[in-house]
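The values are calculated or read from the model by the stated rules, or taken from the named source; none is laboratory data. These numbers were taken from a predicted model, which means no experiment stands behind them. For neighbour counting, all protein chains shown are included, and Cβ atoms are generated from backbone atoms with ideal geometry for every residue, glycine included.
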Amino acid sequence: MVHNCEIRVRYGETDQMGRVHHASYVHYLEIARIEMLRELGHAYSGIEADGFLLPVIDLSIQYKGVVIYDDIIMVETKASINGRIRMDFSYRLWCGEILVGEASVQLACLNKGTLRPTALPDSLVRSIQTTQLKR
């Protein structure tokens, strides 16, 4: 499954050159990831309420094009399970027909109370694995 999330660039996300600041992309990835999880029936607030945290443990972004204020970015997101405690997300960011970035993010699952690594919730694992079968 590929989840698509449309984001319009706000003025405050640009730099002095009028281009999207490199740090803004991290927010775009987070928005897309949270919306994908929500669409799968796992709102992040619910994951936390169930006693889990999903911190980012690895992040990589390759910038491939220029994006400016008021452009619309389409963020394509794919998720996969990586062992018992890790989830991987891969992204492609488009501005119209132009690929402007590619990224990957890895999350680890922590017990909210102890902040120790713990297995991903079974229902979340099933949802991600089911979407992988539909690709």
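Here the condition is being under 30 Å from Thr14 (Cβ atoms), surrounded by 18 or more Cβ atoms within 10 Å (Cβ to Cβ), in contact with a Leu (Cβ under 7 Å, 6 or more places away or on another chain) and not hydroxyl-bearing (Ser, Thr, Tyr); of Val75, Val56, Val67, it holds for Val75 alone.
Look at the stretch 110-135: where a residue is at pLDDT 95 or above, no partner that is part of a loop (DSSP other than H, G, I, E, B) and among the acidic types (Asp, Glu) sits 6+ places away or on another chain with Cβ atoms under 6 Å. Note on the stretch 100-121: among residues that are small (Gly, Ala, Ser) and assigned to a loop (DSSP other than H, G, I, E, B), the one that is nearest to Ile57 (Cα to Cα) is Ala119. Only one of the numbered conditions (1) of a type in the set (A, V, I, L, M, F, W, C); (2) in contact with a helix residue (DSSP H, G or I) (Cβ under 7 Å, 6 or more places away or on another chain); (3) farther than 15 Å from Ala32 by Cα is not met by Ala108, and that is (2).
If you go through the stretch 1-23, how many residues are within 17 Å of Thr77 (Cα to Cα) and crowded, with 16+ Cβ neighbours inside 10 Å? Looking only at that region, the number is 4. The residues of the stretch 64-87 that are within 16 Å of Tyr28 (Cα to Cα) and part of a strand (DSSP E or B), listed by number, are Ile68, Ile72, Ile73, Met74, Val75, Glu76, Thr77, Lys78, Ala79.
A single member of Ile31, Ile81, Ile61, Ile68 is free of Cβ contacts under 8 Å to residues at least 60 places away in the same chain and within 22 Å of Thr130 (Cβ to Cβ), and it is Ile81. Within the stretch 95-124, the set of residues being closer than 20 Å to Glu30 by Cα, surrounded by fewer than 17 Cβ atoms within 10 Å (Cβ to Cβ) and of a type in the set (A, V, I, L, M, F, W, C) comprises just one member, Leu99. Within the stretch 1-28, which residues are of a type in the set (Ser, Thr, Tyr), in contact with a strand residue (DSSP E or B) (Cβ under 7 Å, 6 or more places away or on another chain) and closer than 28 Å to Ile128 by Cβ? The answer is Tyr25, Tyr28. Residue check: is Ser90 of a type outside the set (Asp, Glu), exposed (fewer than 14 other Cβ atoms within 10 Å of the Cβ) and not in a loop (DSSP other than H, G, I, E, B)? For Ser90, the condition - of a type outside the set (Asp, Glu), exposed (fewer than 14 other Cβ atoms within 10 Å of the Cβ) and not in a loop (DSSP other than H, G, I, E, B) - is not met.
Using the structure shown, decide if Asp58 is among the charged types (D, E, K, R) and closer than 15 Å to Ser24 by Cα. Break it down into steps so the answer makes sense when it comes.
Values: among the charged types (D, E, K, R): yes; closer than 15 Å to Ser24 by Cα: no.
No, not satisfied.
Checked against (1) part of a loop (DSSP other than H, G, I, E, B); (2) within 17 Å of the chain's Cα centre (by Cα), Met17 passes all but condition (2).
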